[in-house]
Amino acid sequence: MSDHIDFLVDDQTNMSDQTPSDQTKVSDLKDITKDLVVVVVDEQEQIRLINEIESHFVQRRGKGLAVSPSDFQEIQQLVAAGVPSPLIKTCIDRAFDEYRPRHSRDEIRSFSFCVPRIYDAWEKSKAITAAVPHVAVALGSGYQPAGYKSKQQRELDELERLREEELKREQASGH
């Protein structure tokens with residue numbers, strides 16, 4: 001059905017007096033939003049971040065010298081996706097701090113235990129960041145919609161209106 005609509009729009013556009021460079025398809029007017037993701041391009045920086053996160057996890061786990069290959073791959077994917085390493089480390093810490101073992105041999109053995117928490121926190125931080133207004137506002141000014149007047153300004157406007165009415169009455173009565 002969308003092909004049919006595009007066909008109709010194209011026919012209507014072609015029948016207009018516009019030159020081809022002035023024509024705009026309806027589909028071109030759609031707002032396209034993309035998630036901005038900061039991706040580390042430098043391979044050395046990626047390796048450094050991966051090793052830093054791996055070391056942090058191993059330290060919190062308290063045993064072993066490295067993570068498993070699947071855990072290493074999870075860390076690589078997080079770094080490649082642009083998840084900030086401080087957020088990853090905070091989530092690792094939170095996972096270990098909040099973990100309550102059910103028995104004496106129960107423990108966090110795998111980085112994959114932390115991955116859902118990391119993605120949840122990242123999505124939450126992106127949602128918070130996305131909610132920030134894109135309008136520059138001076139600090140301390142407080143954003144006010146167009147036409148907004150404070151109570152004091154409304155009272156001043158009312159006094160000015162009353163003064164003008166009084167002047168008109170005086171002029172009308174001849175004083």
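The values are calculated or read from the model by the stated rules, or taken from the named source; none is laboratory data. All of these numbers come straight from a predicted model, not from anything done at the bench. Glycine gets a Cβ as well: all are built from the backbone with ideal geometry, and neighbour counts include every protein chain shown.
Has region 111-130 got any residue that is in a loop (DSSP other than H, G, I, E, B) and modelled with pLDDT under 95? No, there is no match, as no residue in region 111-130 is in a loop (DSSP other than H, G, I, E, B) and modelled with pLDDT under 95.
Taken together, the residues in region 49-98 that are of a type in the set (A, V, I, L, M, F, W, C), surrounded by fewer than 17 Cβ atoms within 10 Å (Cβ to Cβ) and within 17 Å of K124 (Cα to Cα) amount to 2.
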